[in-house]
Amino acid sequence: MSISESVSAHVPAARMTREERKVIIASSVGTIFEWYDFFLYGALATIIGAKFFSPFDESTRNIFALLTFALGFLVRPFGALVFGRFGDLFGRKYIFLTTIAIMGTSTLIVGLLPTSDQIGIAAPIILVTLRILQGLAISGEFGGAAIYVAEHAPPGRRGFYTGWIPACIAFSLLLSLAVILTTQSVLDDNQFKQWGWRIPFLASLVLLLLSLWIRLRLKESPAFLKMKAEGRQSKAPIREAFGQWKNVRLVLVALFGMTTATAVLGYTGTFYTLVFLTSALKVDVYSANLLFAAAMLLGAAGCVFFAWASDHVGRKPIILGGCAIAALSYFTIFNHLAEQANPALYHAQRSVAVTVHADPDSCSFQFNPAGTARFTSPCDVAKATLARASVAYRNVPIQAGAATFVKVGAQEVANGPDFARDLIAAARAAGYPSADDAGILRLGSVGDLFQPRSLQVVGLLLVLVLLAQMAQGPAAAAIVELFPTNIRYTAMSLPYQIGTGWIGGLLPATMFAMNAESGNMFFGLWYAVVFAASTFVIGLLFLPETNQRDITD
């Protein structure tokens, strides 16, 4: 049978009903909430640190703000077990309603929370508690959303229906940026820092009320009701999901043959790329956000398209195709991105030889996901300084006890009281551009997006976004279809949240630490490439094709 015959045999031509649209909207609004809060907290972390950790110096309070942010990722797998179990025991609808209520209330309370200047130590304690609650709720939200939509979708359209859930990430980014920029345009800088930063959090009340109103009108999933009526409900979903090898094997296949790639490709194509533009390539924040928003807008339909295509040709070819293309193209794409965004830096890295001469035992691997570590040895200072300036360098080991020094071209820079400043001066003299170099891509307005260099950068960013969406679009349906109804919520939530919360959540810090350790701002891409390649191999060997499965069986 040809592909077209297979499609006509399995994919119904009926249009989406009003009830089905309501299910998709109700499910997608949770994703909007999740990422809206994520972008808000990340964009306003400095202000939040100043408001809720004011007894400390600026550096320390920023560290605490980032630690609080990281907690939301770390607790996700635990929340997956809690809400997954309840979802399999009591139904999708009620857990679905609970998670959005916790998420929305936690976000709203941040906007109302008194600062540490007002209520002292209680302020950061409450803030940390809210972030933990939100991380736990988020871990049950995606599983509930994907399952609820998939179990309502007609056969042959589960990919298309569930593809709308990850597609909302782009809308969330644009919504958070729009709310922040609108608030900043109405208030002056001092007003925004004093109290205006609360407005984006308080504005989430509209999303919360809308979400609750829609979800209260929903009915329970037909697959869950059918399972319950037939007496097939699991009495101990955690034990059944993780205590039987046949199910554990599926969990491992889901984790290493699918969800790691959706997380790694997703974070690389979005957050890492945005930070890479601003930190490594020295593109200003406004220009980077504008370029990235343009790419996200152009690629917004990608998730839905790839999810729809997976109903026709299968989930596996599209997910693994995205992994293979990413593994083969990431280094090329990021090199072209550097050449277009900061050509002077790109060429300096290839023409100026820089070597760090130090005792290897005095050098640390600068993995610092929360910003709490301190690297003070001359070797660490040299590497951190060069990495922050995006200077490419090689490590040259010297004997123990010998003084650390750095060679920049023909100039030798010895360790001294102004070691970091001397290194930057030597790099500039050798041809490395400063952060305000005229050759760095800068956009003064939306109209500048249509300049040739801007279009090339947006095109490269779009490719990265689409590669992420090749993995993310079909993944929601694929992971739902992988597990039986009676343990589906529990079994699918854990591998997904380990992938997104731990493997994906630690990606930016790990990749930048790899860059600093190697002296090469592209070296960290091996993290993404290895995970993408391993997912391709494991998925090819062990991931079953599921797009024609009866998920009520």
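The values are calculated or read from the model by the stated rules, or taken from the named source; none is laboratory data. Being a predicted model, the structure only gives us computed values, none of them experimental. Glycine gets a Cβ as well: all are built from the backbone with ideal geometry, and neighbour counts include every protein chain shown. Just so you know, the surface numbers come from the protein's heavy atoms only, side chains and all, with ligands and any DNA or RNA stripped out. Shrake-Rupley method; radii C 1.70, N 1.55, O 1.52, S 1.80 Å.
Structure values in brief
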item	result
Test set (1) buried (at least 21 other Cβ atoms within 10 Å of the Cβ); (2) over 19 Å from Y346 (Cβ atoms) - L277 fails condition number	(2)
Subset of the stretch 297-317 that is within 28 Å of E481 (Cβ to Cβ), open to solvent by 30 Å² or more (accessible area, probe 1.4 Å) and in contact (Cβ under 8 Å) with a residue 40 or more places away in the chain - its residue that is nearest to the chain's Cα centre (by Cα)	A300
Pairs with Cβ under 7 Å, 6+ apart, first in the stretch 213-228 and over 21 Å from I100 (Cβ atoms) and open to solvent by less than 90 Å² (accessible area, probe 1.4 Å), second assigned to a loop (DSSP other than H, G, I, E, B) and among the hydrophobic types (A, V, I, L, M, F, W, C)	none
Every residue from the stretch 88-97 that is within 27 Å of L40 (Cβ to Cβ) and touching a Gly at 6+ places or on another chain (Cβ under 7 Å)	I95, F96
From the options N515, N547, N520, residue that is assigned to a loop (DSSP other than H, G, I, E, B), under 21 Å from A392 (Cβ atoms), polar (S, T, N, Q) and open to solvent by 10 Å² or more (accessible area, probe 1.4 Å)	N520
Long-range neighbours under 8 Å by Cβ, at least six apart or interchain, first residue under 10 Å from A341 (Cβ atoms) and assigned to a helix (DSSP H, G or I) within the stretch 274-296, second open to solvent by less than 40 Å² (accessible area, probe 1.4 Å) and aromatic (F, W, Y)	F276/F334; L277/F292
Which numbered condition F78 misses (of (1) at pLDDT 85 or above; (2) open to solvent by 10 Å² or more (accessible area, probe 1.4 Å); (3) farther than 27 Å from Y267 by Cβ)	(3)
Within the stretch 71-127, helices (runs of 4 or more DSSP H) holding 2 or more residues that are within 22 Å of A491 (Cα to Cα) and either of a type outside the set (A, V, I, L, M, F, W, C) or out of contact with any His (no Cβ under 7 Å at 6 or more places or on another chain) (or both)	76-90, 92-112
Condition check for G84: buried (at least 24 other Cβ atoms within 10 Å of the Cβ), under 27 Å from I24 (Cα atoms) and in contact with a helix residue (DSSP H, G or I) (Cβ under 9 Å, 6 or more places away or on another chain)	yes
Which listed residue is open to solvent by 80 Å² or more (accessible area, probe 1.4 Å), farther than 23 Å from I551 by Cα and within 26 Å of the chain's Cα centre (by Cα), from V206, V264, V283	V206
Pair list, Cβ < 6 Å and 6+ apart or interchain, from the stretch 91-114 residues that are open to solvent by less than 30 Å² (accessible area, probe 1.4 Å) to residues that are assigned to a loop (DSSP other than H, G, I, E, B)	G91/E220; R92/S221
Number of the condition not met by I318 [criteria: (1) in contact with a Ser or Thr (Cβ under 6 Å, 6 or more places away or on another chain); (2) of a type outside the set (K, R); (3) not in a helix (DSSP H, G or I)]	(3)
Per-region count, the stretch 461-489, residues farther than 16 Å from A167 by Cβ and open to solvent by 10 Å² or more (accessible area, probe 1.4 Å)	3
Strands (runs of 3 or more DSSP E) wholly inside the stretch 382-471 that include at least 1 residues being under 28 Å from the mean Cα position of the chain (by Cα) and free of Cβ contacts under 8 Å to residues at least 60 places away in the same chain	none
Among residues of the stretch 524-553, those that are within 19 Å of the chain's Cα centre (by Cα) and β-branched (V, I, T), counted	3
Count of residues meeting criterion [part of a helix (DSSP H, G or I) and closer than 30 Å to L113 by Cβ] in the stretch 200-247	16
